[in-house]
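**Q** Take this structure, written in structure tokens, and hold onto it; I'll ask about it next.
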Amino acid sequence: MNKYNKIYRQIKKYKKIVIARHIGPDPDSLASSIALRDIILNTFPNKEVYAVGAPASTFKFLGVVDKFNETMYENALVIILDTPDAKRVDGVDVMRFKGRIKIDHHPFVEEFCDIEWIDETASSACQMVLELTLKTRLKMTKAAAEKLFVGIVSDTNRFLFQYTTPKTFMLVSKLIKDFKIDFANLYEPLYLRPIKEIRFQGYIANNMIITENGFAHITITEDVLKEYNVDAATAGNMINNFNYINEVLVWAIFSVDVNNDVIRGSIRSRGPIINEAASRYGGGGHVFASGVRLRNEADKELFIKELDETCLSYKNKSN
């Protein structure tokens, strides 16, 4: 039995299904979980299906998540999306569910589910949910199709990233054709920003430190967040706005998250492999796109040093 049918059979089997994703949601994780919830409910209207995890006001246009409660563990299936390891799952204890499925496009970190579908070649979790739906008897809705499109667009940065493949374009083309998606109008809520965020982006550009090895970084303090009236998540979500700077190979935005007592780091690369360094500091992700949650300033300085050395090593090998 192929992976699609194995997952479909489990979805069909369970009356109660919880869909979870990673801490610090982005459009891909939110869109994939909300869309899959709605697709399952459209296919099986009598099931209890919940998409859980902390909401993100920045991406509220993608839909509403469900508030988790203890009764959702009882005889339930959990589907973990866009999350390679158990410790990064938002809001639930994975091992307390009766059945467990993981659907993820990140490099493998650990096995913690009964069924694990990992595809590092997939552009996004949304692409995998789309593929699952098209390969089984799950029934898509137009609203879910629009969410999946937005998630794919976001995680590929409008199809600019290297893990955008011919398969990605084929699936998206089918999505647009079959569900008559007005994709031009879907871009506006994803990219529309208040003026305070544009000014904050200007602050980052003006204050970013660039080393001679091509590593750019900035640390956003709580005072700066208050000055521009933005939160720590906003800083991290701006990382893709600095993709194409001639002098920069790797860039990172660190922001102090006072509420959770961590330093969040979002890192991107135009060549050097960065997820190996991120994994050594409790984070991880893709080869050229990773994140970390650092415990203190000392860890941050060590991480900065390692990324700078990664850039130097890459330059030496390229010469």
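**Q** If Arg264 passes every condition in (1) surrounded by 15 or more Cβ atoms within 10 Å (Cβ to Cβ); (2) among the charged types (D, E, K, R); (3) free of Cβ contacts under 8 Å to residues at least 40 places away in the same chain; (4) under 20 Å from Phe303 (Cβ atoms) but one, which one does it miss?
**A** Failed condition: (3).
**Q** Check whether at least one residue in region 136-153 is crowded, with 16+ Cβ neighbours inside 10 Å, at negative phi and at pLDDT below 95, and report yes or no.
**A** Scanning region 136-153, I find no residue that is crowded, with 16+ Cβ neighbours inside 10 Å, at negative phi and at pLDDT below 95, so the answer is no.
**Q** Restricting to region 141-157, name every residue that is closer than 13 Å to Arg37 by Cβ and either assigned to a loop (DSSP other than H, G, I, E, B) or out of contact with any Lys or Arg (no Cβ under 9 Å at 6 or more places or on another chain) (or both).
**A** To start, the set of residues in region 141-157 that are closer than 13 Å to Arg37 by Cβ comprises 141, 143-144, 147-148.
Scanning region 141-157 gives Thr141, Ala143, Lys147, Leu148.
**Q** Let me ask something else about it. Of all residues in region 139-178, count the ones that are without any contact (Cβ under 8 Å) to a residue 12 or more places away in the chain and among the polar types (S, T, N, Q).
**A** Residues meeting the conditions: 1.
This table checks each residue for (1) of a type in the set (Ser, Thr, Tyr); (2) within 17 Å of the chain's Cα centre (by Cα).
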site: Val109; (1), (2): no, yes
site: Cys113; (1), (2): no, no
site: Leu132; (1), (2): no, no
site: Leu138; (1), (2): no, no
site: Leu148; (1), (2): no, yes
site: Thr156; (1), (2): yes, yes
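**Q** Can you tell me which residue is farthest from the chain's Cα centre (by Cα) among those in region 158-184 that are among the hydrophobic types (A, V, I, L, M, F, W, C), assigned to a helix (DSSP H, G or I) and surrounded by 12 or more Cβ atoms within 10 Å (Cβ to Cβ)?
**A** Phe179
**Q** Can you go through Val292, Val287 and tell me which one is out of contact with any Leu (no Cβ under 9 Å at 6 or more places or on another chain), assigned by TED's automatic domain parsing to the domain that holds Met208 and more than 22 Å from Ala232 (Cα to Cα)?
**A** On the way: Val292 fails: more than 22 Å from Ala232 (Cα to Cα).
Residue meeting the stated conditions: Val287.
**Q** Taking into account only those residues within region 210-228 that are of a type in the set (S, T, N, Q) and not in a strand (DSSP E or B), which is farthest from Ile304 (Cα to Cα)? Quick ask: steps written out before the conclusion?
**A** We begin by selecting, within region 210-228, every residue of a type in the set (S, T, N, Q); these are 211, 213, 219, 221.
Narrowing further to those that are not in a strand (DSSP E or B): 211, 213, 221.
Values: Thr211: 10, Asn213: 12, Thr221: 16 Å.
The extreme case among them is Thr221.
**Q** Taking Tyr187, is it under 29 Å from Asp308 (Cβ atoms) and assigned to a helix (DSSP H, G or I)?
**A** Numbers: under 29 Å from Asp308 (Cβ atoms): no; assigned to a helix (DSSP H, G or I): yes.
So Tyr187 fails the test.
**Q** Follow-up. Cβ contacts < 8 Å: first residue within 14 Å of Ile79 (Cα to Cα) and free of Cβ contacts under 8 Å to residues at least 60 places away in the same chain, restricted to region 37-60; second residue in a helix (DSSP H, G or I) and of a type in the set (Val, Ile, Thr), any location; separation 6+ or different chain. Result?
**A** Taking only residues 6 or more apart or on different chains, the pairs are Val49/Ile40; Ala51/Ile34.
The values are calculated or read from the model by the stated rules, or taken from the named source; none is laboratory data. What you are looking at is a predicted structure, and each value in this text was computed from that prediction instead of being measured. In this analysis, Cβ positions are derived from the backbone assuming ideal geometry, glycine residues included, and neighbour counts consider all displayed protein chains.
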